[in-house]
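Presented below is the structure to which this report refers.
The values are calculated or read from the model by the stated rules, or taken from the named source; none is laboratory data. Values in this document were obtained by computation on a predicted structure and should not be read as measured data. Virtual Cβ from ideal backbone geometry, glycine too; neighbours counted across all protein chains shown. Each accessible area value is taken on the protein alone, full model and side chains, heavy atoms only, with ligands, DNA and RNA left out. Shrake-Rupley method; radii C 1.70, N 1.55, O 1.52, S 1.80 Å.
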Amino acid sequence: MTRLRFALLNAAHDGANTRRNFRRELDAALVEFDATDGQLPDHTDFDGVVVTGSRSSVYWDEAWIPPLVDYVADAAAAGVPVLGVCYGHQVLAEALGGRVAGMDGFEIGYNDVRRRGDDELFDGVGEEFTAFTTHGDTVVDLPPSATLLAENDHGVHAFRDGHCWGVQFHPEYDVETAREVTEGKRERLGDARVDAVLDEITPVAHDAACEAKGLFDNFTEYARRLRTERASPAAADD
């Protein structure tokens with residue numbers, strides 16, 4: 001069977017870490033598009049679409065954001081499996097009729113997340129798990145047909161709507177990325193808080209968070225199974 005082909009919609013303004021992390025975690029051929037530069041596919045003929053994190057907010061007045069939201073809505077309507085991570089999770093929520101808003105505070109560091117119910121994306125992940133989080137926005141209204149899959153005291157951390165999933169946390173982060181992103185928050189959060197978070201970014205903490213990486217394999221397996229199921233009727237008609 002040919003390898004799965006995913007569109008990677010890179011919304012990071014400096015995408016090197018993002019590119020490295022997703023290419024390491026996703027067992028698929030990734031066709032990358034720089035979403036912040038207005039690069040988007042002109043079709044939805046992919047086995048899956050993955051939308052990355054970003055330092056932007058989905059409600060900002062930036063020219064590249066509405067076309068990204070529209071493309072994700074089109075991919076979802078076409079039945080393409082979509083996985084949105086952090087900012088991508090928020091883009092997916094907006095694309096499907098939900099709402100994103102700024103938080104009173106900012107969640108950053110290795111934090112606990114609680115599952116709500118069972119879903120195949122979280123097969124092999126505990127009812128409570130550790131994940132690296134960094135966000136000042138949250139999904140305040142889920143899309144009308146979405147199901148809540150995970151949350152913590154800071155809000156929604158995962159949902160599903162049909163073939164689409166959003167996760168607020170960053171299962172793809174390695175230690176290097178976690179430290180670099182945290183360092184970049186000094187102006188917003190202050191030295192004391194940033195230094196405290198940096199002290200907790202250790203190999204041991206990262207190893208604990210690796211449990212959540214299983215969702216990448218689960219998403220890939222779902223996309224593979226869906227492609228096979230869709231191909232079977234076509235083969236029968238030949």
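Looking at segment 186-196, which of the residues that are of a type in the set (A, V, I, L, M) and either open to solvent by 10 Å² or more (accessible area, probe 1.4 Å) or in a loop (DSSP other than H, G, I, E, B) (or both) is farthest from residue 125 (Cα to Cα)? Write out each step before concluding.
So the first thing to find is which residues in segment 186-196 are of a type in the set (A, V, I, L, M), and the list is 189, 192, 194, 196.
So of that shortlist, the ones also either open to solvent by 10 Å² or more (accessible area, probe 1.4 Å) or in a loop (DSSP other than H, G, I, E, B) (or both) come out as 189, 192, 196.
Numbers: 189: 31, 192: 32, 196: 27 Å.
Across segment 186-196, the extreme among qualifying residues is 192.
Quick check on this structure: which one of 204, 197 is among the hydrophobic types (A, V, I, L, M, F, W, C) and out of contact with any helix residue (DSSP H, G or I) (no Cβ under 6 Å at 6 or more places or on another chain)? Talk me through it step by step, then tell me what you get.
Working: 197 fails: out of contact with any helix residue (DSSP H, G or I) (no Cβ under 6 Å at 6 or more places or on another chain).
Result of the check over 204, 197: 204.
With respect to residue 79, is the statement that it is in contact with a helix residue (DSSP H, G or I) (Cβ under 7 Å, 6 or more places away or on another chain) and on the phi > 0 side of the Ramachandran plot true?
no
Test residue 154 against the criterion of being more than 17 Å from residue 205 (Cβ to Cβ), open to solvent by less than 40 Å² (accessible area, probe 1.4 Å) and without any contact (Cβ under 8 Å) to a residue 60 or more places away in the chain, and give yes or no. Spell out the reasoning first.
On the way: more than 17 Å from residue 205 (Cβ to Cβ): yes; open to solvent by less than 40 Å² (accessible area, probe 1.4 Å): no; without any contact (Cβ under 8 Å) to a residue 60 or more places away in the chain: yes.
When the stated conditions are applied, residue 154 does not pass them.
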Condition broken by residue 142, with the remaining ones in (1) touching a residue at least 60 places away in the same chain (Cβ under 8 Å); (2) touching a Phe, Trp or Tyr at 6+ places or on another chain (Cβ under 6 Å); (3) open to solvent by 40 Å² or more (accessible area, probe 1.4 Å) satisfied: (1)
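Are there any strands (runs of 3 or more DSSP E) wholly within segment 102-185 with 2 or more residues that are of a type in the set (S, T, N, Q) and within 15 Å of residue 212 (Cα to Cα), and if so which? Show your work before the answer.
Working: elements: 128-141, 147-152, 155-161, 164-167.
The qualifying strands (runs of 3 or more DSSP E) are 128-141.
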Residue in segment 213-229 that is touching a Leu at 6+ places or on another chain (Cβ under 8 Å), surrounded by 17 or more Cβ atoms within 10 Å (Cβ to Cβ), over 25 Å from residue 16 (Cα atoms) and not basic (Lys, Arg) present: yes
Boolean, residue 83 is part of a strand (DSSP E or B) and closer than 25 Å to residue 133 by Cα: yes
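Being touching a Lys or Arg at 6+ places or on another chain (Cβ under 9 Å) and of a type outside the set (A, V, I, L, M): is that true of residue 134 here? I'd like the intermediate steps shown before the answer.
Numbers: touching a Lys or Arg at 6+ places or on another chain (Cβ under 9 Å): yes; of a type outside the set (A, V, I, L, M): yes.
Against the criterion (touching a Lys or Arg at 6+ places or on another chain (Cβ under 9 Å) and of a type outside the set (A, V, I, L, M)), residue 134 qualifies.
Residue by residue through segment 171-219, note down the ones that are closer than 22 Å to residue 119 by Cβ and without any contact (Cβ under 8 Å) to a residue 24 or more places away in the chain.
Narrowing segment 171-219 to residues closer than 22 Å to residue 119 by Cβ: 171-173, 208-219.
The answer is 210, and nothing else.
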Some residue of segment 84-104 being within 22 Å of residue 22 (Cβ to Cβ), among the polar types (S, T, N, Q) and either surrounded by fewer than 17 Cβ atoms within 10 Å (Cβ to Cβ) or in contact (Cβ under 8 Å) with a residue 12 or more places away in the chain (or both): yes
